[in-house]
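Taking it in order: structure first as structure tokens, then the write-up.
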Amino acid sequence: MTALLEARGLSRRYGGVHALRDLTVTQHRGEALGMIGPNGSGKSSFVNAVTGNIRLDTGSVIFDGTVISGRPPHVAMRAGLTRGYQAVRVFATRPVADNLILAGLPHHSDADRLLHDADVADILAWLDLAPLLERLAGALTLFEQRRLELAMRLLAKPKLIMLDEPVGGLSPVEVRAMMVLLRELRARCDIFIIEHTMHVIRALADRVIVMVGGEKIADAPPEEVLRDRRVIEQYLGVSDA
Amino acid sequence: MDSETILVGVSILTTGLLLGAIFSLAASGVTIVYGSIWLPNASNGQFFLIAPLIAWLLVTSFGLSTPAAAGLALILAVPFSYFLEATLIRRFYDVPNRNIAYFMVTLGLTQVFAGLLNITFGQWSDQFSLPPVLGGISWIGPFPMQNNRLLVLCLAITLLVALFSLMRYHRFGRALRAVFQNREAAALRGVDVRAVYRTSFLLGTLMIFAAGLLYGMALSFDLTLAWNMAVTVFAIMIVGGPGSVLGAVVVGMMFGFTQAVVSAFATPTIASFAYLGAMLGVLLLKPDGLFTR
Amino acid sequence: MSRPWPLLAGSLALCIGLPLALAGAPFAAYIVTGAFLQLLFAAGMNLLSGYTGITPLSFAGITGISAYLCVGLVMRAGWSFWAAWPVATLVAAFVGVLLGLPALRLRGFYFVLSSLVVQTVLTLAFTAFASLTNGDTGISQIPPPSSPFVAGGTLGGTGLDLLIALVGWAGVVISWRLAGSGFGRRLVAVREDPELAETLGVDVVFCKLAAFFISSLYAAAGGPLMAVFVGFISPRSFDLLASLNIWLMVAFGGQGSIAGPLIGTLILAPLPSFLLGYYQVKDIIYGLLIITVTVAMPGGIHGWISNRMRPRLP
């Protein structure tokens, strides 16, 4: 397996607090990588740092052979790296169709034909968005918005999608449906998933990184991580009852 | 040093103090309203000008004394403020990015007021001044100062002290500061946020009116005062930090002295350039201003 | 729009026909040509204010820079108008991009405020550098451009009206093509949510600066035309009120659409001509409209109409 994403020695301080402390993460092609940790452990900061949404104090990020650290987010995006947000992020005041057109812009020259493109139609059918095209994105349910967000990101045909708690806030039924979608997503691109809870990660990730205080305390397949005494003490014993 | 230099120096000092106190008062009024309601009042200069114009009208047309006319004009701030609050301001209280909407609304208000004042007061006179309340000159040590200006200065400082006490010790002041910091948290702690908004707009309007009246009692003025004041007060608020009364007072004093010095030696345009430059610099480098915690 | 040609040809015919038809009616021609000039400004303002979501209150200042520069080149340096116009336009548009740089750092109200500061500084500068601008008195008796067809002749009256009408028409058409292009949609994405736009691969910095450049080109191209059309410029022609009035035409008609600014300009631009001598009344009316638009009709007339016409969704 070759490396798709290589983040080396990432550090970021806010005042006296380390959001990230000398964090090194490698994700291989074809691999689903998970990241868990308590609130404020630096999971979202890691994604923000990799995609260029926050500045790094030190460290470098190489994605698919391109150096993307220190560059604005659209550079990462054009290299094939995209992301979702913990608080779902769509153009809330626009209809779903507009959202897709705006998202498809950098990749499709003819925006008006975009929705009739075979690939796009396939994504819309898979995520069951076709019936929602005329609705305002802000008026959708959270689950529908998360599916829309996923569709918008997939229009770019990314190599890797980084998702920040994609099942957060969903009902138990929706969580199960979302997990099915995420497993199917692996056929379309590689995934990186931040989660709060272990059972989602166990079902979706091949390997998991455990974060505490901006540092990595474990990096192994889920079953091994669960046996790690440090992980149990530091994290699982406290919050994953 | 010859006596002329000393006189110029003293005049700069007293004018600086006077302008500084008046600027501080007006800027405190604007900054309180921005800190609480998020309303950047672009028409503050018109408010500032309307107050002494009303007093002038009362003096020249109805023969009132200057203190009576100023008192009456100040009282008019209450219905004026409630009217604006009820018609234009209240409806935006729950809008997320309301400061832009407020800015455009108050720019529109500025245009309306400027037009109204031009076709009324602008036709009646070019220069306006209120009869001095006190005559004569006092000597503070070796320095001469007009009694009238001394009175205005004392009034301005009294009002500033009163404002500080209100903000620090009164229940309303504490509620206001709680809203500045976090309106959701303030609401959860039982603060009636809308009442605070309403009262802070009234308080801000009263202070701008008071500052304008003090200006009119000490100096003569014309209709261009409105826009100059609006720009100056905005610059003070931005440099001092929006919502910071301390910042408004410190920067207001600095700007007052700047204006006094520049006016003594060059055209006031240079002072305006300086304010605007300072405002642009702070906006770009430290948009929260110099005095925010 | 799938078949734009009839509309394009029709509007072009109107733009050529109207000044020719009004050749014998100077007052009507003056109003119509003034409106074409405002159309140009409104289209430029709309690209930034409507499509990109950035309100530049320094817009009229750019127009002023270009107008003063062109008039200076013609009247002092003896340039031909046809050389001075493009040079002044390009210079002022680059200044416009520089003045747009704060928009990369400042969001929302803080940018609007900084642009107000810039506008105020420019107005002060137009007044203060009296050796170049003749200060508050302004520059009068600006000569009309030389005729491009007749040697030694001048382009005045109907010829100038035609030129301005054509430039106004071209400005609106170009803004319409831009708005429908991928670039226009990127601007909309930046307006709706800059961070999300970036995540979706939009180069936000480039888009904002490009929008500033194009919008400033509109502002700047109109300055010299205004100078030769009115024959007089002063700092008051390019002050904050002028910027606000252009914004009002866009917002009153409806921001972020092509029809909106057209509607707004056609209604508001002729108004001052009917209030000649009572120009303060115009200020009051415009001020009240700014308040009304902001308070009651954020979508402008166009938004209001299309809201009425759109079928209610369940």
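Scanning segment A:55-78 for residues that are at pLDDT below 90 and of a type in the set (Val, Ile, Thr) gives no hits.
Using the structure shown, decide if residue B:133 is open to solvent by less than 60 Å² (accessible area, probe 1.4 Å), away from every other protein chain (no Cβ under 14 Å), farther than 29 Å from residue B:20 by Cβ and of a type outside the set (Asp, Glu).
Taking the combined requirement at face value, the residue does not satisfy it.
For segment B:85-109, a residue qualifies if it is touching a residue at least 12 places away in the same chain (Cβ under 8 Å) and at the interface with chain C (Cβ under 7 Å from one of its Cβ atoms), and the qualifying residues are B:88, B:99, B:103, B:105, B:107, B:109. Here residue A:180 does not qualify as free of Cβ contacts under 8 Å to residues at least 40 places away in the same chain, open to solvent by 10 Å² or more (accessible area, probe 1.4 Å) and within 13 Å of the chain's Cα centre (by Cα).
Condition check for residue C:266 on (1) within 12 Å of another protein chain (Cβ to nearest Cβ); (2) farther than 28 Å from residue A:134 by Cα; (3) open to solvent by 30 Å² or more (accessible area, probe 1.4 Å): one failure, at (1). If you check C:234, C:243, C:257 for being closer than 24 Å to residue C:185 by Cα and either surrounded by fewer than 24 Cβ atoms within 10 Å (Cβ to Cβ) or in contact with a Ser or Thr (Cβ under 9 Å, 6 or more places away or on another chain) (or both), only one passes: C:257. Checking each residue in segment C:91-110 for being under 24 Å from residue B:104 (Cα atoms), more than 10 Å from chain B (Cβ to nearest Cβ) and open to solvent by less than 10 Å² (accessible area, probe 1.4 Å) picks out C:96, C:100, C:103. Just to be sure before I move on: is residue A:49 in the same structural domain as residue A:148 (by TED's automatic domain parsing), among the small types (Gly, Ala, Ser) and at pLDDT 90 or above in the structure I sent? For residue A:49, the condition - in the same structural domain as residue A:148 (by TED's automatic domain parsing), among the small types (Gly, Ala, Ser) and at pLDDT 90 or above - is not met.
Residues of segment C:111-126 include none that is open to solvent by less than 30 Å² (accessible area, probe 1.4 Å) and within 14 Å of chain A (Cβ to nearest Cβ). Screening residue C:176 with (1) surrounded by 22 or more Cβ atoms within 10 Å (Cβ to Cβ); (2) of a type outside the set (Val, Ile, Thr); (3) under 24 Å from residue C:54 (Cα atoms) gives one miss only, at (1). Consider segment B:126-144 and keep the residues that are in a loop (DSSP other than H, G, I, E, B) and among the hydrophobic types (A, V, I, L, M, F, W, C). The one that is modelled with the highest pLDDT is B:130.
Checked against (1) open to solvent by less than 10 Å² (accessible area, probe 1.4 Å); (2) more than 10 Å from chain C (Cβ to nearest Cβ); (3) modelled with pLDDT under 95, residue B:63 meets all criteria but (1).
When you scan segment A:157-169, do you find a residue that is within 23 Å of residue C:181 (Cβ to Cβ), within 14 Å of another protein chain (Cβ to nearest Cβ), buried (at least 18 other Cβ atoms within 10 Å of the Cβ) and modelled with pLDDT of 90 or more, even just one? No: segment A:157-169 contains no residue that is within 23 Å of residue C:181 (Cβ to Cβ), within 14 Å of another protein chain (Cβ to nearest Cβ), buried (at least 18 other Cβ atoms within 10 Å of the Cβ) and modelled with pLDDT of 90 or more. Has segment B:117-125 got any residue that is within 7 Å of another protein chain (Cβ to nearest Cβ), surrounded by 18 or more Cβ atoms within 10 Å (Cβ to Cβ) and either at pLDDT below 90 or in a helix (DSSP H, G or I) (or both)? Scanning segment B:117-125, I find no residue that is within 7 Å of another protein chain (Cβ to nearest Cβ), surrounded by 18 or more Cβ atoms within 10 Å (Cβ to Cβ) and either at pLDDT below 90 or in a helix (DSSP H, G or I) (or both), so the answer is no. Annotation for segment C:25-44: at least one member residue is hydroxyl-bearing (Ser, Thr, Tyr), touching a residue at least 12 places away in the same chain (Cβ under 8 Å) and open to solvent by less than 10 Å² (accessible area, probe 1.4 Å).
If I ask for residues that are open to solvent by 50 Å² or more (accessible area, probe 1.4 Å) and at negative phi, which ones from segment C:132-145 would you list? Give the derivation first.
Initially, segment C:132-145 is screened for residues open to solvent by 50 Å² or more (accessible area, probe 1.4 Å), giving C:132, C:134, C:136-137, C:140-141, C:143-144.
C:132, C:136, C:137, C:140, C:143, C:144, listed by residue number.
The residues in segment B:245-293 that are open to solvent by less than 30 Å² (accessible area, probe 1.4 Å) and within 26 Å of residue B:167 (Cβ to Cβ) can be counted, and the count is 13. In segment A:123-137, the residue that is modelled with the lowest pLDDT out of those that are more than 14 Å from chain C (Cβ to nearest Cβ) and open to solvent by less than 80 Å² (accessible area, probe 1.4 Å) is A:130.
The lone criterion from (1) in a helix (DSSP H, G or I); (2) open to solvent by 40 Å² or more (accessible area, probe 1.4 Å) left unmet by residue B:204 is number (2). Looking only at residues of segment C:269-284 that are part of a helix (DSSP H, G or I) and within 13 Å of chain B (Cβ to nearest Cβ), we find that the one that is surrounded by the most Cβ atoms within 10 Å (Cβ to Cβ) is C:283. Summed over segment B:163-173, the residues that are under 17 Å from the mean Cα position of the chain (by Cα) and loosely packed, with under 11 Cβ neighbours inside 10 Å give a count of 0. Checked against (1) away from chain C (no Cβ under 14 Å); (2) closer than 29 Å to residue C:100 by Cα; (3) under 17 Å from the mean Cα position of the chain (by Cα); (4) not polar (S, T, N, Q), residue B:275 passes all but condition (1).
Just the residues that are farther than 25 Å from residue A:135 by Cα and basic (Lys, Arg), please, taken from segment A:76-99. Outline the logic, then answer.
First, pick out the residues of segment A:76-99 that are farther than 25 Å from residue A:135 by Cα: A:76-81.
A:78 - this is the single residue of segment A:76-99 that is farther than 25 Å from residue A:135 by Cα and basic (Lys, Arg).
Within segment A:138-156, residues that are open to solvent by less than 20 Å² (accessible area, probe 1.4 Å) sit with their Cβ atoms under 6 Å from residues that are of a type in the set (Ser, Thr, Tyr), at 6+ positions apart or across chains, in these pairs: A:153/A:82.
Residue check: is residue B:8 open to solvent by 10 Å² or more (accessible area, probe 1.4 Å), at pLDDT 95 or above, of a type in the set (Val, Ile, Thr) and in a helix (DSSP H, G or I)?
Details: open to solvent by 10 Å² or more (accessible area, probe 1.4 Å): yes; at pLDDT 95 or above: no; of a type in the set (Val, Ile, Thr): yes; in a helix (DSSP H, G or I): yes.
No.
Taking first residues from segment C:260-274 that are more than 13 Å from residue C:285 (Cα to Cα) and partners that are aromatic (Phe, Trp, Tyr) and surrounded by 21 or more Cβ atoms within 10 Å (Cβ to Cβ), the Cβ contacts under 6 Å between residues at least 6 apart in sequence or on separate chains come to C:264/C:252. Could you check, for segment A:69-80, whether at least one of its residues is part of a strand (DSSP E or B), of a type outside the set (Phe, Trp, Tyr), crowded, with 20+ Cβ neighbours inside 10 Å and touching a residue at least 24 places away in the same chain (Cβ under 8 Å)? For segment A:69-80, residues part of a strand (DSSP E or B), of a type outside the set (Phe, Trp, Tyr), crowded, with 20+ Cβ neighbours inside 10 Å and touching a residue at least 24 places away in the same chain (Cβ under 8 Å): absent.
Take the conditions aromatic (Phe, Trp, Tyr) and either within 9 Å of chain C (Cβ to nearest Cβ) or within 21 Å of residue B:96 (Cβ to Cβ) (or both) and apply them to residue A:91. Does it pass?
Answer is yes for this residue.
Residues that are open to solvent by less than 70 Å² (accessible area, probe 1.4 Å), farther than 23 Å from residue A:8 by Cβ and under 20 Å from the mean Cα position of the chain (by Cα) occur in segment A:222-231; there is at least one.
The values are calculated or read from the model by the stated rules, or taken from the named source; none is laboratory data. All figures in this text were calculated on a predicted structure; none of them were measured in a lab. Note: ideal-geometry Cβ built from the backbone for every residue, glycine included; neighbour counts use all protein chains shown. Ligands, DNA and RNA are excluded from the accessible area calculation, which covers all protein heavy atoms including side chains. Shrake-Rupley method; radii C 1.70, N 1.55, O 1.52, S 1.80 Å.
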